Structure formats: structure tokens, C-alpha cells
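To keep things clear, I will list the structure first and then write my remarks on it.
The values are calculated or read from the model by the stated rules, or taken from the named source; none is laboratory data. None of the values given here were measured: they were computed from a predicted structure. Positions of Cβ are generated from backbone atoms using ideal geometry, with glycine treated the same way; all protein chains shown enter the neighbour counts.
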């Protein structure tokens, strides 16, 4: 069973995988008996327990203060580890930070940052295409003068 969670507080016990998506941040204080996926510009603060894998995918960010019983992976997303991981912590194309107070029973694989991760940079929006400047308006022809009438 898979549950889609769109932000707020996830404070229950859930059997199966949970996918966190959406713009609202999520705090996971409960128990997920399965994998927890964080994706699509979501931020999930995990203070509870995941008895499976934790994956920060695509543009998601997972901040682990709790416990993960298997692997924790940054698979294109951001992962910060402050809690405990009983498996490996792996960076697979994302960004990873493991705090010096974190406990990792497995290996840390891949590049990791030495400080907490800054928010991802917003993609630079291209400047609106400048319209070619129009030539200055041509001088309008002078209005014709009324014909002069010969004087006496």
C-alpha cells in the first residue's frame, strides 16, 4: 500500500510506503513500516521512525532527526542526517550532509557537504525577451497650408 502525503504532520503508524509531495512542509513524528519518499519541492522533517529506506528524490529535502532502519539516500534531492541510520547513507546525484553527532551503522557513500545544506538556488528565470526597439516615429508630414490668396 502506498500513501501520498501533501504536507502537515504525519503522526500515525502506517504500514506501507509513504510519498511526500507538495509545497507544504511535512513533519513525520510517527512510524512508517515501509519506505519514505520525499520529492517534488517537498521538505520532510523526520523525527519519527522509518522501518525501511528514506529517499530524498528529485527536488525533495529530507531532514532526519529520528531513526531509519535501512538505507538513507539522496537520489537527486537533499538529505541531512542528524539522527540514526542503521544502514548506509548514500549520495546518488543529490546533496548530502551528515552531522558529526549522527550515528550511521553502515557506510557513507558519495560526496557529502561539510555544513548543513543551504536551500536550493531558484532556477534563474530568463529575462523577458527584449523587443527590438522601434525606430523613432518618423516626423509626420506637415499639414498642408491653406492656399494663399493674392492680395490687392
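Would you mention how many residues in segment 1-13 are closer than 16 Å to residue 66 by Cα and part of a loop (DSSP other than H, G, I, E, B)?
We begin by selecting, within segment 1-13, every residue closer than 16 Å to residue 66 by Cα; these are 9-13.
From what is left, the residues that are part of a loop (DSSP other than H, G, I, E, B) are 11-12.
The qualifying residues number 2.
Can you confirm whether residue 40 is surrounded by 10 or more Cβ atoms within 10 Å (Cβ to Cβ) and modelled with pLDDT under 95?
yes
Of the numbered conditions (1) in a loop (DSSP other than H, G, I, E, B); (2) at pLDDT 95 or above, residue 56 satisfies every one except a single condition; which is it?
The single condition residue 56 does not satisfy is (1).
Might you check whether a residue that is under 16 Å from the mean Cα position of the chain (by Cα), farther than 18 Å from residue 82 by Cβ and at pLDDT below 95 occurs anywhere in segment 24-37?
Scanning segment 24-37 turns up at least one residue that is under 16 Å from the mean Cα position of the chain (by Cα), farther than 18 Å from residue 82 by Cβ and at pLDDT below 95.
Enumerate the pairs (first residue in segment 67-93 and on the phi > 0 side of the Ramachandran plot; second residue anywhere and part of a strand (DSSP E or B) and buried (at least 19 other Cβ atoms within 10 Å of the Cβ)) with beta-carbon separation below 6 Å, excluding pairs fewer than 6 apart on the same chain, so at least 6 apart or on different chains.
76/57
For segment 14-30, give me each residue that is over 15 Å from residue 45 (Cβ atoms) and assigned to a strand (DSSP E or B).
14, 15, 17, 19
What pairs come up if the first residue lies in segment 6-18 and is in contact (Cβ under 8 Å) with a residue 40 or more places away in the chain, the second is assigned to a strand (DSSP E or B) and surrounded by 12 or more Cβ atoms within 10 Å (Cβ to Cβ), and their beta carbons are under 6 Å apart, counting only those six or more places apart or on different chains?
Close Cβ pairs (under 6 Å, with a partner that is assigned to a strand (DSSP E or B) and surrounded by 12 or more Cβ atoms within 10 Å (Cβ to Cβ)) do not exist here.
If you scan segment 93-117, which residues turn out to be surrounded by fewer than 21 Cβ atoms within 10 Å (Cβ to Cβ) and within 14 Å of residue 38 (Cβ to Cβ)?
Result: 95, 117.
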